[in-house]
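Enquirer: Below is a structure I'd like to ask you about.
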Amino acid sequence: MFQVNDNYQKLPGSYLFSTIGKKVSAFSAANPDKKVIRLGIGDVTQPIAPAIIAAMHKAVDEMSKAETFHGYAPDLGYDFLRNAIVEHDYRARGCDISADEIFVSDGAKSDSGNIQELFDVHNRIAVCDPVYPVYVDSNVMAGRTGTYDAATERWSDVIYMPCTMENDFVPDFPKETPDMIYLCLPNNPTGTTITKAQLQEWVDYANKAGAVIIYDAAYEAYISEPDVAHSIYECEGARTCAIELKSFSKNAGFTGVRLGYAVVPKDLKCGEVSLNAMWARRHGTKFNGAPYIVQRAGEAVYSAEGKAQLKEQVAYYMKNASVIKAGLKEAGYTVFGGVNAPYIWLKTPAGMTSWEFFDHLLEHANVVGTPGSGFGPSGEGYFRLTAFGSYENTVAAIERIKAL
Ligand code: MLT
């Protein structure tokens, strides 16, 4: 008789955004007359920018002719895209990263779930709490997290680094020494971030502890303050301790197109073993490359036209963030984030739990958000709204919340 991977049985409930999706579908089915506004999952709403659409059309046409047709993509990514990434995302910022350290993928969610495969099952992981659930859940599936305590909502072998209003959402160095440290900056879900000087402290800490930092920079395009690093490789020493994950979903609206990349520096080693070589081996074995059309779309993100159009798109979403923040403040809420990230993190009112507030908002304002406790125990009593809706829906949602 075959056996299954028992670690899956340890996972409590379903994936956060699946649970929310089911709740909202049930509400809509029961209330067909109510127009629900979704500010829950961080999914973009604006169309792909014209410069990118033009590049995709051109690539589609190329696929229609034998002379310009493309079959399997190189498993690590086309050079045209890897070179554009290096030039614009790294060299332009003074970061020493080369094209053979870039691994093009179908998105940062896959990379952040898959990257743990490179590490021993006995490694201790440290995560911010609250945290993007993929980091913890993928480690649960791998059997790295120990046992789950339903009362505390914590895994025995995970090191939690609480990020709450009491510490300005800046994680403290953990008391126990971790082997793998997940950092998402600017942060999902809290919408807050840390300064480059604070990030440098994490790099120094990791190098000293012999730990690896898995640095999720999916929201980098939303940074507006000058003292915030756009890449962990702006910090000295990051090449020996950090893997960076990037997404095209949030800066270019590729949530449905799918494209991302991981940076694994050649200096990142465990003894003599190169993680760059390991990740290349893994990619070659398990991944057939992102589609040519999509990689051409990714290249257009870095064109002068593409950059200008995407700057406007980011500004559009950040205007929503200001609307949400100002409106909620006016209504007496305590709010965070929304300056360097497209998420607003708020304290639930009147001592409601995160899920109580979720139900309250859905029922009385027909607005969907994300309960903070879905991101970890320290998220209890908080709630997340995304700025990725349309402007009109964002304004309408805030008016409804103000009227509660
Ligand atoms: C979120 O809402 O946290 C994100 O959109 C999820 C994701 O990027 O996978």
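Enquirer: Only bridges whose two residues both fall in the chain count here: according to DSSP, what percent of them are antiparallel, nearest 5?
Expert: 55
Enquirer: Mind checking the alpha-carbon convex hull of the range 1-125 and giving the volume per residue in Å³?
Expert: Normalising the Cα hull of the range 1-125 by residue number yields 287 Å³.
Enquirer: For the pairs LYS35/LYS109; LYS246/LYS329; LYS250/LYS307, flag any whose C-alpha to C-alpha distance is greater than 22 Å.
Expert: As for pairs spanning more than 22 Å Cα to Cα, those are LYS35/LYS109; LYS246/LYS329.
Enquirer: While we're looking at this one, here's another question. Mean-square fluctuation check for the chain, GNM, Cα pairs under 10 Å: which of SER110, SER138, SER64 is largest?
Expert: Per the Cα network of the chain with a 10 Å cutoff, SER64 tops the list.
Enquirer: Still on this structure, I have one more. Would you mind classifying the range 164-276 by shape? Square roots of the alpha carbon gyration tensor eigenvalues, ordered a ≥ b ≥ c; an a/c under 1.5 is rounded, otherwise it is prolate if a/b is larger than b/c and oblate if not.
Expert: Values: a/c = 1.86, a/b = 1.15, b/c = 1.62.
Oblate, because a/c is 1.5 or more while a/b does not exceed b/c.
Enquirer: So for the chain, taking the charge dipole from beta-carbon charges (+1 Lys/Arg, -1 Asp/Glu), which of SER390, THR177, LEU118 sits furthest toward the positive end?
Expert: SER390
Enquirer: So, one more: Determine which lysines satisfy two conditions relative to LYS175: a Cα distance under 16 Å, and not lying fewer than 8 residues away in the same chain.
Expert: LYS208
Enquirer: May I pose another question? Count the net charge of all other residues whose Cβ sits under 12 Å from the Cβ of ALA300, scoring Lys and Arg as +1 and Asp and Glu as -1. Present the calculation step by step, with values, prior to reporting the outcome.
Expert: Values: positive: LYS58, ARG296, LYS307; negative: GLU299, GLU305.
Result for the local shell: +1.
Enquirer: Whenever you get a sec, compute what percent of the accessible area on the chain sits on carbon and sulfur atoms (1.4 Å probe).
Expert: 53
Enquirer: Could you work out the relative contact order of the range 121-190? I mean the mean sequence separation of Cα pairs under 8 Å and 6+ apart, divided by the number of residues, in percent.
Expert: 43
Enquirer: So, one more: Tell me, what is a quarter of the convex hull surface for the C-alpha atoms of the range 38-190, in nm² with one decimal?
Expert: The orientation-averaged projected area of the Cα hull of the range 38-190 comes to 13.5 nm².
Enquirer: Mean separation of Cα pairs under 8 Å and 6+ residues apart, divided by the residue count of the range 114-237: what relative contact order is that in percent?
Expert: For the range 114-237, the relative contact order is 23 percent.
Enquirer: Using Cα centres only, tell me the gap between the range 193-228 and the range 277-325 in whole Å.
Expert: Going from one Cα centre to the other spans 20 Å.
Enquirer: If the only charges are +1 at each Lys and Arg Cβ and -1 at each Asp and Glu Cβ, what is the size of the charge dipole of the range 186-336 around the Cα centre, to the nearest 20 debye?
Expert: 540
Enquirer: Per the Kirkwood definition applied to all pairs of different Cα atoms, how many angstroms is the hydrodynamic radius of the chain?
Expert: 22.0
Enquirer: Here's something else I'd like to know. Before anything else, pin down the relative contact order of the chain: Cα pairs under 8 Å, at least 6 apart, normalised by residue count, whole percent.
Expert: 23
Enquirer: Roughly what would the spin-label model give for GLU363 and THR152, points 7 Å off Cα along C-beta, in nm?
Expert: 3.3
The values are calculated or read from the model by the stated rules, or taken from the named source; none is laboratory data. This is a predicted model, so every value here is computed, not measured. As a convention, Cβ positions derive from the backbone with ideal geometry for all residues, glycine included, and neighbour counts pool all protein chains shown. The protein model used for the area step is the full one, side chains on, heavy atoms only, and it has no ligands, DNA or RNA in it. Shrake-Rupley method; radii C 1.70, N 1.55, O 1.52, S 1.80 Å.
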